[in-house]
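The values are calculated or read from the model by the stated rules, or taken from the named source; none is laboratory data. As the structure is a computational prediction, the values presented were derived from the model and not from experiment. Methodologically, a virtual Cβ is constructed for each residue, glycine included, from the backbone with ideal geometry; neighbour enumeration extends over all protein chains shown. Each accessible area value is taken on the protein alone, full model and side chains, heavy atoms only, with ligands, DNA and RNA left out. Shrake-Rupley method; radii C 1.70, N 1.55, O 1.52, S 1.80 Å.
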Amino acid sequence: MLDSTARSLTSELWESSELYRNAVTELREAANTMKLDPNIAERLKVPKRALIVSVPIRLDNGIIRVFEGYRVQHNMTLGPGKGGIRFHPDVNLSEVAGLAMLMTFKCSLVGLPLGGAKGGIRVDPNKLSRQEAQALTRRYTSEINMIIGPDRDVPAPDIGTDSQTMAWMMDTYSQEQGFAIPGVVTGKPIEIGGSLGRTESTGRGVVYTIEHAIKHLTQSKRTSLRLDANTSVAVHGFGKVGAVAAYEIAQRGAKVTAVSDYTGGIYNKNGLNITELYKMLKPGQSGITLSEYKKDVEPISNEDLLALPVDILIPAAIDGVITKNNVKNVKAKIIAEGANGPITAEASKVLEEKGAFIIPDILCNAGGVIVSYFEWVQGMQNFFWNETEVNEKLAEVLSNAFKRVIEIQTHYKCGMKTAALIAGVDRLNRAMLLRGLFP
Ligand code: GLU
């Protein structure tokens, strides 16, 4: 059949990254457990739309270089596409598609009227000057402008991008339309329509979900942990998500014994001075790395950090760090997926079988997109909330989502990863059935 030849070509393309293959494996597992209509499962395995763009910029040395950029919209049944823009040397179409798929289920799980999308440029942002980063961001925005917009698809920061990147995106899109359109992106600086609490929201959400996990495990007599000095925590990735999570959990009294970044990690068995580290290294502001911090700490490698005998492990850096090769070394009882896809599908199974409690990424790190949604709503209404209001609403949305995942986990007697995915797929499934198939 002609159809099957065409299909195998694209499926090879989609499936070329581990992240995408993992997302599909997890989707398949959820679909089997909940006995999802196979027509819906089939549709969800591939994205709705994907755009590949060439992004030429003039480097500071006068040479023109062409970078490759992507924006993938996985599903937009529930509303406009939503998801970050990643600047990273390993970004590719398949990875972006996998991340877009995770966004679909994340937005659906936490009840947002938004679909799932993701974008990225294959570039090492640490090697760009400010001027080059600005040129790259602006040209990329211009190249994808026909598929983004406040009612179509709303980008946000992800790895390698920040509020300044969003300001340039918002400005480029607005210049092309002729007036200010803040709703085209979220994660903007406060001065141009950002929301209070957005920068900290992902890390804060991670800690809210850890509190829920401890409460849940205490009720079912599976733990006696509390967030006090007897509880040790390791954070893999002291960046936009991990640094805030480390700070918030240390504020609650837990002992953060190790943190790391791409240069390596630091360790102190009695607990690190997280307040000082957080102030010094405030993500994206100083350019200082952890390897430069020497006060009362021992160096530790990223790999050894993951294997520490801590109570709580927060992998908050990047995907694919806990795999079938190193999962046997992981000793933490609670693992909070601050990053997207840090534990592979195979490794998740091993961890859950040995009794670890995983807080799945689409629940654990959903704080970011929840406050992005609040930012979008505030922008549409031109009416801005105070930070307490933002945090209270964030806590409420995450608490409801956590409860729903536990209900599903209890009902199907499945793992937390599958339960979270079922929660996301279930709401979307009902919406897709109601809207029907066009034409
Ligand atoms: N990049 C973040 C994520 O993976 C935030 C996305 C957003 O706020 O739209 O969830």
How many residues of region 205-234 are aliphatic (A, V, I, L, M), in a loop (DSSP other than H, G, I, E, B) and more than 19 Å from GLY355 (Cα to Cα)? The answer is 2
Being open to solvent by 10 Å² or more (accessible area, probe 1.4 Å) and of a type in the set (A, V, I, L, M, F, W, C) narrows LEU398, LEU434 down to just LEU434
**Asked** among the β-branched types (Val, Ile, Thr), in contact with a helix residue (DSSP H, G or I) (Cβ under 8 Å, 6 or more places away or on another chain) and closer than 26 Å to ALA347 by Cα, is that true of ILE288?
**Response** no
ILE52 fails exactly one of (1) within 26 Å of GLU143 (Cα to Cα); (2) buried (at least 17 other Cβ atoms within 10 Å of the Cβ), namely (2)
Exactly one of GLU15, GLU68, GLU42, GLU26 is touching a helix residue (DSSP H, G or I) at 6+ places or on another chain (Cβ under 8 Å) and open to solvent by 60 Å² or more (accessible area, probe 1.4 Å), and that residue is GLU15
* To do: Kindly check whether there is at least one residue in region 417-436 that is in contact with a helix residue (DSSP H, G or I) (Cβ under 9 Å, 6 or more places away or on another chain), at pLDDT below 95 and more than 29 Å from ARG86 (Cβ to Cβ).
  => no
Query raised in the report: Before we move on, is HIS74 within 16 Å of the ligand (Cβ to nearest atom), open to solvent by 10 Å² or more (accessible area, probe 1.4 Å) and closer than 20 Å to ILE144 by Cβ?
Result: no
Condition set small (Gly, Ala, Ser) and in a helix (DSSP H, G or I), scope region 157-204, selection farthest from the ligand (Cβ to nearest atom): answer is SER174
(Q) Any residue that is under 19 Å from ASP361 (Cα atoms), near the ligand (Cβ under 10 Å from one of its atoms) and among the charged types (D, E, K, R) - is there at least one of those in region 89-96? (A) no
Checked ASN39, ASN32 against criteria (free of Cβ contacts under 8 Å to residues at least 40 places away in the same chain, of a type outside the set (Lys, Arg) and in contact with a Leu (Cβ under 9 Å, 6 or more places away or on another chain)); the one match is ASN39
Exactly one of GLU337, GLU346, GLU389 is closer than 26 Å to SER17 by Cβ, acidic (Asp, Glu) and open to solvent by 10 Å² or more (accessible area, probe 1.4 Å), and that residue is GLU346
Restricting attention to region 99-139, the residues that are away from the ligand (no atom under 14 Å from the Cβ) and open to solvent by 10 Å² or more (accessible area, probe 1.4 Å) number exactly 16
Checked pairs for region 147-175, first free of Cβ contacts under 8 Å to residues at least 60 places away in the same chain and open to solvent by 20 Å² or more (accessible area, probe 1.4 Å), second within 14 Å of the ligand (Cβ to nearest atom) and in a strand (DSSP E or B), C-beta under 8 Å and 6 or more apart or across chains, list as SER163/PRO157
Flagged in region 223-236 as open to solvent by 10 Å² or more (accessible area, probe 1.4 Å) and touching a residue at least 12 places away in the same chain (Cβ under 8 Å), in numbering order, are THR223, LEU225, ARG226, LEU227, ASP228, ALA229, ASN230, SER232, HIS236
Any hit, region 385-405, residues being within 22 Å of LYS349 (Cβ to Cβ) and aliphatic (A, V, I, L, M) = yes
When (1) in contact (Cβ under 8 Å) with a residue 60 or more places away in the chain; (2) over 20 Å from the mean Cα position of the chain (by Cα); (3) in a helix (DSSP H, G or I) are applied to GLU12, the one that fails is (1)
Test: residue in region 44-53 that is closer than 23 Å to ARG21 by Cβ, small (Gly, Ala, Ser) and under 15 Å from the mean Cα position of the chain (by Cα): no
Here the qualifying pairs (Cβ atoms under 8 Å; residues six or more apart or on different chains; first in region 355-379 and closer than 20 Å to VAL321 by Cβ; second within 8 Å of the ligand (Cβ to nearest atom) and of a type in the set (A, V, I, L, M)) come out as ASP361/LEU102; ILE362/LEU102; GLY368/ALA156
Filtering region 255-264 down to residues that are open to solvent by 10 Å² or more (accessible area, probe 1.4 Å) and under 15 Å from GLU303 (Cα atoms) yields ASP261, TYR262, THR263, GLY264
